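Throughout, read-outs are computed from the coordinates displayed, never taken from laboratory work. Values in this document were obtained by computation on a predicted structure and should not be read as measured data. As a convention, Cβ positions derive from the backbone with ideal geometry for all residues, glycine included, and neighbour counts pool all protein chains shown.
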Amino acid sequence: MPITLTELADFCNARIQGGDLSIPIYSAADITSAQKGQVTQLTNSRYARHIKDSTASACFIAEAFAVENVPENMALLICADPELSFIKAVELLHPVRVYNPQIASQAVLEINVTLANDVYIGPYAVIGENASIGDGSAILAGVYIGKNVKIGKNCRIYPYAVIYDGVVVGNNVIIHSGAIIGADGFGYKFRNNVHVKVPQVGNVVIDDNVEIGANTCIDRGALGSTTIGAGSKIDNLVQIGHNNKVGKNVIMCGLTGVSGSCVIEDYAILAGSSGIADHVTIGSGAVVMARSGVAVDVKAGAQVFGSPAKDKKTAYKEQIAISKLPELLKKIKLLEEKIQALEEKS
């Protein structure tokens with residue numbers, strides 16, 4: 001449903017400069033593709049060159065952001081934080097699908113399942129005995145929820161996610177398709193030339209406002225709990241081993257792997273394809289850069305890179321030195337030839 005430019009500006013706390021106030025806004029798009037009837041954003045000077053040819057009807061921009069060649073028909077929506085204002089606009093123009101409360105006839109609910117108010121259970125979902133689902137949560141098609149699982153309010157579990165027995169999920173949690181929460185941790189003891197499985201009898205506890213990406217796996221604790229702190233965001237294809245303690249507002253990017261019994265403290269960032277060995281602590285606010293392998297503790301606030309990971313500045317210097325090796329080898333070869341020639345003369 002379209003809204004007026006004035007309504008959009010008021011909703012996003014923005015000031016309008018220029019443009020056609022009568023143009024309806026239908027949707028949002030990026031600065032390189034936005035057209036008439038769409039709103040976009042410009043927050044990075046690298047993309048400023050695209051504005052002169054844009055046919056977007058409106059563009060969010062910061063108060064102090066200088067821009068030239070603004071098209072005559074484009075309204076600038078000037079605000080304190082254009083990124084957050086644009087997010088609000090996207091949410092308004094592209095609302096999340098609403099699932100009206102119902103229990104699909106094809107769903108399977110075992111004994112003693114507790115459903116709170118306004119719950120949606122999709123076709124072919126399976127809810128195990130003694131499970132409970134909080135107010136306003138949506139369990140979409142094909143989801144499996146095991147015995148004694150507790151899911152809080154306003155959660156959304158996307159199709160074919162699997163939540164094993166005993167998992168506890170807080171409020172406002174999103175779990176995307178294919179994620180597996182609470183599978184056995186990878187624990188074995190080698191005895192008499194065979195791998196003896198260590199029973200994994202703990203669980204997973206996920207706090208409020210967590211989002212878990214598609215095909216991510218979070219293993220249950222061997223004895224206690226694997227925990228994910230409030231506000232943490234976990235990308236697709238992430239592996240979190242048993243008994244990990246993940247703090248609040250942690251970011252884990254795609255293909256990250258965390259071995260067992262690690263501590264990832266609040267606000268840490270694990271960039272794509274990073275790997276963490278077992279029993280390692282990543283300090284509060286630390287950053288593990290992409291494709292890094294961490295085998296020892298990382299201090300709070302540190303930034304590490306490489307495999308084995310080390311301080312970012314040191315790692316960069318080493319990379320630069322390595323890039324110069326071919327040139328240095330040529331010089332060494334020339335020196336060796338000169339030395340050999342001098343030795344032959346003598």
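If you count the DSSP beta bridges with both ends in the chain, what percent of them are antiparallel, to the nearest 5? Display every interim value, and only then the final one.
Numbers: 11 of 79 bridges.
Rounded to the nearest five, the antiparallel share is 15 percent.
Using the charge dipole of the stretch 102-313 (Lys, Arg: +1 at Cβ; Asp, Glu: -1 at Cβ; taken about the Cα centre), state which of G142, I121, G254 has its Cα farthest towards the positive end.
Selected residue: G254.
From the C-alpha gyration tensor of the chain, pull out the three semi-axes of the equivalent ellipsoid (sqrt of 5λ each), sorted largest to smallest, in whole Å.
Numbers: eigenvalues 370, 314, 46 Å².
Square roots of five times the eigenvalues give 43, 40, 15 Å.
Could you tell me the center-to-center distance, by alpha carbons, between the stretch 194-263 and the stretch 43-102 in angstrom?
Spelled out, the Cα-based centre of one part sits 36 Å from the other.
Quick check on the chain: helices-only [θ] at 222 nm, where DSSP H runs of length 4 and up contribute -39,500 (n - 2.57) each and the sum goes over total residues. Nearest 500, please. Intermediate values should be presented prior to the final figure.
Numbers: 4 runs with 52 residues, N = 346.
Estimated from H runs of four or more residues: -5000 deg cm²/dmol.
Report, in listed order, any pair from K245/K299; K245/K310; K310/K333 with a Cα-Cα distance greater than 28 Å. Intermediate values should be presented prior to the final figure.
Working: K245/K299 16 Å; K245/K310 22 Å; K310/K333 32 Å.
Those over the limit are K310/K333.
Below 8 Å between Cα atoms, with a sequence gap of 6+, how large is the relative contact order for the stretch 3-93 in percent? Each step should come with its number before you reach the end.
Values: 191 pairs, mean separation 29.8, N = 91.
Relative CO of the stretch 3-93 lands at 33 percent.
Order these peptides, 23-36, 47-60, by their mean beta-carbon neighbour count within 10 angstrom, highest first.
Details: 23-36: 16.1, 47-60: 19.1.
Top to bottom by mean Cβ count within 10 Å: 47-60, 23-36.
Which percentage, to the nearest 5, of the DSSP beta bridges contained in the stretch 236-346 is antiparallel?
Working: 2 of 19 bridges.
About 10 percent, rounded to the nearest 5.
Suppose a student asked you for the relative contact order of the chain, using Cα pairs under 8 Å spaced at least 6 residues apart; what percent would you report? Intermediate results must be reported in sequence, preceding the final value.
Numbers: 983 pairs, mean separation 22.1, N = 346.
About 6 percent, as a whole number.
Among N236, N209, N192, which one shows the biggest mean-square fluctuation in a GNM of the chain, springs joining Cα atoms closer than 10 Å?
Maximum among the listed residues: N192.
Determine the gain in length on full extension of the stretch N236-D165; use 0.36 nm per residue of separation and subtract their C-alpha separation, reporting nm with one decimal.
Working: separation 71, 0.36 × 71 = 25.56 nm, distance 2.22 nm.
Here the segment from N236 to D165 would lengthen by 23.3 nm.
What shape does the stretch 163-319 have by the C-alpha gyration tensor, where a ≥ b ≥ c are the square roots of the eigenvalues, rounded means a/c under 1.5, and otherwise prolate means a/b greater than b/c and oblate the rest?
Oblate is the answer for the stretch 163-319, as a/c is 1.5 or above yet b/c matches or exceeds a/b.
To the nearest 20 Debye, how big is the dipole of the stretch 3-93 about its Cα centre, given +1 on the beta carbon of each Lys and Arg and -1 on that of each Asp and Glu? Let's see the in-between values first.
Details: 6 positive and 11 negative charges, 38 e Å.
For the stretch 3-93, the charge dipole is close to 180 debye.
Have a look at G37, Y47, A62 and report the one farthest towards the positive end of the charge dipole of the stretch 3-93, computed about the Cα centre with Cβ charges (Lys/Arg +1, Asp/Glu -1).
Among G37, Y47, A62, the one farthest towards the positive end of the dipole of the stretch 3-93 is Y47.
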